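One structure is given below, represented as structure tokens, and several questions about it will come after.
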Amino acid sequence: MIYNRVALIGLGLIASSMAHAMRRDGLAGEITGTARSAETREIARELGFCDHIFETAAETVKDADLIVLAVPVGAMEAVAKEIAPHLAPGATVTDVGSVKGAVIEAVQPQIPEGVHFVPGHPLAGTEHSGPRSGFAELFDNRWNILTPTEDTDPVAVAKLRSLWEGMGANVDEMDPDHHDLVLSVTSHCPHLIAYTMVGVADDLRRVTDSEVIKYSAAGFRDFTRIAASDPTMWRDVFLTNKDATLEILGRFTEELFALQRAIRTGDGDHLHAYFTRTRAIRRGIIEAGQDTDEPNFGRGKTR
């Protein structure tokens with residue numbers, strides 16, 4: 001057991017998966033939870049992955065030695081303000097937000113003296129959301145990035161690292177600004193591109209009498225899977241990681257123009273060299289154990 005009492009604020013995919021994983025590996029003595037929606041709280045009670053479900057965040061964090069903020073990035077500041085007077089001395093507060101700079105700016109000023117704040121981001125997820133979507137294996141061999149600040153207690157960081165490793169994750173530490181730039185490349189902009197492509201296809205579908213849906217190939221199906229992600233979370237991601245996202249979108253636009261030019265001028269050598277280089281990145285992801293080369297990418301079974 002690493003923590004005596006863990007409080008989960010927000011009970012969606014990540015928090016419910018954390019609860020299942022902590023139960024599986026005996027990492028927490030007691031797990032409490034809350035969610036803004038009464039329906040979500042009731043589902044969590046039904047599923048039983050928390051020992052106690054409370055109506056308010058203030059009640060949930062009482063006597064907890066780890067508090068996990070698993071709410072949309074835009075809600076972090078309000079939740080931190082609500083729980084601040086009720087945090088136990090020596091407790092650790094962490095988060096699972098996809099953006100780190102904005103979360104630190106919103107949460108850090110609310111944390112009282114004697115309480116540790118260790119920002120974090122588990123790079124794991126599915127297109128599903130809500131308390132029913134969680135499962136203990138979500139973090140197995142996936143990365144969790146911790147972004148401690150200069151004032152963060154190293155003992156608190158080490159303890160949180162142990163928790164994530166106990167849940168099956170690989171753990172790395174990174175500067176918050178660098179995290180936001182890296183994630184804009186690996187996650188944020190790909191999601192935006194997927195949303196855009198599915199939106200374009202939806203416009204086309206109206207013209208082609210649903211042929212886009214009927215004849216979707218694997219590439220478009222993967223776009224729709226990504227574009228099915230939680231809209232509130234992704235709205236907040238783009239609004240709070242604006243600078244890094246716009247920088248990478250600018251680079252993407254330049255690359256897209258270069259490919260347009262190659263297609264227009266019939267420059268097959270450029271296209272072949274470009275696709276060869278990008279294909280190697282896919283092989284690197286497989287070799288790193290972050291995906292599989294099985295037929296259908298191993299996604300034949302759905303949860």
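Read the figures in this text as sums done on the coordinates, not as results from a lab. A quick note: this is a predicted structure, and the numbers were derived from the prediction, not measured. Cβ sites come from the backbone with ideal geometry, for glycine too, and all protein chains shown count toward neighbours.
If the viscosity is 1.306 mPa s and the temperature 10 °C, what Stokes-Einstein diffusion coefficient in µm²/s follows for the chain when Rh is the Kirkwood radius over Cα pairs?
76
Restricting to DSSP H runs of at least four residues, report the calculated mean residue ellipticity at 222 nm for the chain, -39500 (n - 2.57) per run over all residues, nearest 500 deg cm²/dmol.
Here the helix-only value at 222 nm equals -15500 deg cm²/dmol.
Dipole magnitude of the chain about its Cα centre, charges +1 at Lys/Arg Cβ and -1 at Asp/Glu Cβ only, in debye to the nearest 20?
1000
ILE31's amide H: which non-local residues (gap 5+, or another chain) put their own amide H closer than 5 Å, with H modeled 1.01 Å from N in plane and none for Pro or chain starts?
Under 5 Å from the amide H of ILE31 lie the amide H atoms of VAL6, ASP51, HIS52, each far enough along the sequence or on another chain.
Let me ask something else. Say we join alpha carbon atoms closer than 10 Å with springs in a Gaussian network model of the chain; which of VAL93, VAL200, VAL107 then has the biggest fluctuation?
VAL200
Once you charge only the Cβ atoms, +1 for Lys and Arg and -1 for Asp and Glu, what is the size of the charge dipole of the range 32-126 about its Cα centre, to the nearest 20 debye?
Using only the charged Cβ atoms, the result is roughly 180 debye.
For LYS81, give me every one of the aspartates and glutamates with a C-alpha distance below 15 angstrom, ignoring sequence neighbours fewer than eight places off in its own chain.
Reachable aspartates and glutamates: GLU59, ASP95, GLU105, GLU113.
Additional query: With r defined as the distance between the Cβ atoms of ARG235 and GLU255 and R0 fixed at 35 Å, what FRET efficiency is calculated, to the nearest 0.05?
So the FRET efficiency works out to roughly 0.85.
On full extension of the chain, what length is gained from ARG277 through TRP143, given 0.36 nm per residue of separation minus the C-alpha to C-alpha distance?
45.8 nm
Of THR149, THR278, THR40, which has the largest mean-square fluctuation in a 10 Å C-alpha GNM of the chain?
Top of the fluctuation ranking is THR278.
Oh, and also: For a test of the definition: using alpha carbon positions, the gyration tensor, and the 1.5 limit on a/c, classify the range 3-174 as rounded, prolate or oblate.
rounded
Continuing with this model, one more query. Within the range 137-166, list the GluC sites (Glu not before Pro) lying in a DSSP loop whose Cβ has at most 12 other Cβ atoms in a 10 Å radius.
Of the GluC sites (Glu not before Pro), the ones in loops of the range 137-166 whose Cβ has at most 12 other Cβ atoms within 10 Å are GLU150.
Another question about this same structure. Quick check: the angle from helix 189-208's long axis to the longest principal axis of the chain, C-alpha only, nearest 10 degrees?
So the inclination is approximately 50 degrees.
What FRET efficiency would be calculated for the residue pair ALA58, ASP153, taking the C-beta separation as r and a Förster radius of 35 Å, to the nearest 0.05?
Once rounded, the FRET efficiency stands at 0.90.
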